[in-house]
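Here's the structure we're looking at; comments come further down.
The values are calculated or read from the model by the stated rules, or taken from the named source; none is laboratory data. None of these values were measured; they are calculated from a predicted model. Cβ sites come from the backbone with ideal geometry, for glycine too, and all protein chains shown count toward neighbours. These accessible areas exclude ligands, DNA and RNA; they are computed on the full protein's heavy atoms, side chains included. Shrake-Rupley method; radii C 1.70, N 1.55, O 1.52, S 1.80 Å.
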Amino acid sequence: MIQSFIITGFLGVGKTTMLTNTVKKYFSDKKVAIVVNEFGDIGIDGNILSNVYSEVLEISEGCICCQLAEEFESGVIEIINKYNPEIIFVETSGASEPFPIFLSLQNLGVSIEGIICVVDSKNINSYKDNSTAKYQIGGSNIIVLNKTDLVSHEELEIVKQDVIAIKEEYNIKNNLTGKSIFDRYALNNSEQGLVKKEVFQGVYKIDEIIGLAKDYKHESHTADDSITQKVAYLKEGIQFSDIEAILNNLPKSIYRVKGIVKALDVPNHLAINYSFGDTSYEELEDYKEQSIMIFIGESIDDDVKDLCSQFDFLNMPQFSIKK
Ligand SMILES: Nc1nc2c(ncn2[C@@H]2O[C@H](COP(=O)(O)OP(=O)(O)OP(=O)(O)O)[C@@H](O)[C@H]2O)c(=O)[nH]1
Ligand SMILES: [Mg+2]
């Protein structure tokens, strides 16, 4: 039976980092396929992951736990038929809940070895009130406190207590019996998504969930949580300092930015990965498309418009004036 892991967690917590680092370290001897559902119009995560794996299926422009369930299922069937993987990793978008994805995989006869929720130990306070974030913790049986390098031991202890409290409150329950469907869960710490191998060794079989499937109802949620994204294009001829200027002047509503941008003073295109004030860059070879940035946050339309008027090399497609 094909095995799988679902990797969930809020926007920018380190899901793709966990995939590229931990999976590379522990699963290089297996035939691995990856399905990634990115919140954002362009496949930046897929682009980064396909530098490491050849079998990456990207599902963008929507959320695989709601609108794209069918596309997700047919994509998984296709990847199984074409590639015959031993193990499939599914990275859900930061705005998805994991449980509907669990049900889809189960329908397809794939064995789910674990639902891993990655938590950003440094920034959890900025997003823990979001209901999707809570259901992501509640709907997982392996919780990984990531970015431990950015917090002190004492801060990590507080994060741990917060996460346990959320888990207790939002643990998915069987509608009929009222009992939690996970009789236990594991809590691990990680830096760059690296956890000990045992976490992936199927210790946490979740057979007990099966009876719940038919009673589960999923409400579409992204609209309620008002997480939105806006795409902007960058003109040619910018410098690296222009990118930094944008990222240093973001309004609070925008907490996640992804982009692929060409700056005159950097040889290759740069993948930009910004979350909650921290930025990392990765040079991408062979990327030729127009420079693009995606701003993600809550109620951000006016703020992105303001950014575009503040930085004249940044254009939102629907407001750009062709010269
Ligand atoms: N300092 C530090 N940074 C990290 C760690 N893990 C991830 N990051 C950084 O956090 C940012 C977001 O990481 P991603 O792996 O793209 O996060 P994600 O959860 O896949 O993001 P979305 O798919 O957009 O929701 C990147 O800049 C990473 O380099 C960590 O343990 N420590
Ligand atoms: Mg990702």
Kindly indicate the residue of region 172-202 that is touching a residue at least 24 places away in the same chain (Cβ under 8 Å) and among the basic types (Lys, Arg) and also surrounded by the fewest Cβ atoms within 10 Å (Cβ to Cβ) among those meeting that condition. ARG184
So SER126 ticks every box in (1) part of a loop (DSSP other than H, G, I, E, B); (2) within 16 Å of ligand 1 (Cβ to nearest atom) but one. Which box is left unticked? (1)
Among the listed residues LYS134, LYS160, LYS147, which satisfies the condition of being basic (Lys, Arg) and either crowded, with 19+ Cβ neighbours inside 10 Å or in contact (Cβ under 8 Å) with a residue 60 or more places away in the chain (or both)? LYS147
Restricting region 63-104 to residues that are at pLDDT 90 or above, buried (at least 23 other Cβ atoms within 10 Å of the Cβ) and not β-branched (Val, Ile, Thr), which is farthest from the chain's Cα centre (by Cα)? PHE89
Could you name every one of the strands (runs of 3 or more DSSP E) located completely within region 241-293 that has at least 1 residues being in contact (Cβ under 8 Å) with a residue 24 or more places away in the chain and crowded, with 21+ Cβ neighbours inside 10 Å? 254-261, 269-275
Collect the residues in region 224-240 that are open to solvent by 70 Å² or more (accessible area, probe 1.4 Å) and of a type in the set (D, E, K, R), keeping them in residue-number order. ASP224, LYS235, GLU236
